[in-house]
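What follows is a single structure, written as structure tokens, with notes after it.
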């Protein structure tokens, strides 16, 4: 049978792929983002008292450097573990899916997948600067593990989950950046076949609850362990932690619950906070549940603020071994 060898979890924010001056450009994007009211965020009661100190050139550079060091450590852990296949728990942000159809849980089951560049003219300047870590400028075909993907679909269905099986890549629809970030920033030159597990984290009507995410992670692990193969399988959770509104208290609650395998605490997370990018915490929950027999350690947590309203991203980096 396949052997589960541990796991990793990582944020995949654009801030990780751009130096601090671009973070300030991203803050300008925040100020005009119709998804949230910047003035309300600026005047919220839980805004850090030292927010201005968090936004100096020195603070931004310090946070950037810490994030790069953590990514390098994840890459070193990946290289040392040397998996044959990686199951990546991520989310699709209108990349593979158009938004007309939004599966709650989907698994890609073909043997290759294309990483397709996005039109740069459609992106904010702060996104263009970091696109090298998501899709680059050239179309790339990479291996996926269709056999394991199909096994996961069958096993999870038997376990009571309703899974969407993606048999082929829709024309001109790219694999999402939750997956390409892992390939480009962590795998580096040693890209192995992946199984993209796509969880609807953001569209609240069909987003799985935290306890259901935990159950899904346990079922994914059982499926991997029942796969007839001698391959070594690594699990990676991609996304989070809190953003665009950075919430250090929420992130601490999540990390503590994951470290302690406290499902009840996870289940009590406020649903009205698990929205937008913060919703990707679900991917960490799924990965952690699949890895309860391994020891979780936080490589780092960086509260990477970028604006006076406390927007930014709680950058998390973790390893299970």
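Table for the structure above
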| quantity | calculated |
| --- | --- |
| Among residues of region 97-116, those that are at pLDDT 90 or above, touching a strand residue (DSSP E or B) at 6+ places or on another chain (Cβ under 9 Å) and in a loop (DSSP other than H, G, I, E, B), counted | 7 |
| Residues being part of a loop (DSSP other than H, G, I, E, B) and surrounded by fewer than 19 Cβ atoms within 10 Å (Cβ to Cβ) - total across region 164-183 | 7 |
| Residue in region 245-253 that is in contact (Cβ under 8 Å) with a residue 60 or more places away in the chain and either more than 26 Å from residue 41 (Cα to Cα) or within 16 Å of the chain's Cα centre (by Cα) (or both) present | yes |
| Qualifying residues in region 164-194 (those that are without any contact (Cβ under 8 Å) to a residue 60 or more places away in the chain and in contact with a helix residue (DSSP H, G or I) (Cβ under 6 Å, 6 or more places away or on another chain)) - the one farthest from residue 132 (Cα to Cα) | 165 |
| Residue count, region 224-273 (criterion: over 27 Å from residue 75 (Cβ atoms) and surrounded by 23 or more Cβ atoms within 10 Å (Cβ to Cβ)) | 2 |
| Out of 80, 52, 95, 58, sole residue that is over 26 Å from residue 232 (Cα atoms) and without any contact (Cβ under 8 Å) to a residue 24 or more places away in the chain | 58 |
| Only listed residue being surrounded by 14 or more Cβ atoms within 10 Å (Cβ to Cβ) and more than 26 Å from residue 216 (Cβ to Cβ), chosen from 122, 155, 126 | 126 |
| Single residue of 61, 25, 15, 93 found to be in contact with a helix residue (DSSP H, G or I) (Cβ under 9 Å, 6 or more places away or on another chain), within 25 Å of residue 180 (Cβ to Cβ), surrounded by fewer than 20 Cβ atoms within 10 Å (Cβ to Cβ) and at pLDDT 95 or above | 25 |
| The lone exception for residue 158 - which of (1) closer than 24 Å to residue 203 by Cα; (2) at pLDDT 95 or above it fails | (1) |
| Subset of region 184-212 (residues that are assigned to a helix (DSSP H, G or I) and surrounded by 15 or more Cβ atoms within 10 Å (Cβ to Cβ)) | 184, 185, 186, 187, 210, 211, 212 |
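The values are calculated or read from the model by the stated rules, or taken from the named source; none is laboratory data. These numbers come from a predicted model, not from an experiment. Every residue, glycine among them, receives a Cβ derived from its backbone with ideal geometry; neighbour counts consider all protein chains shown.
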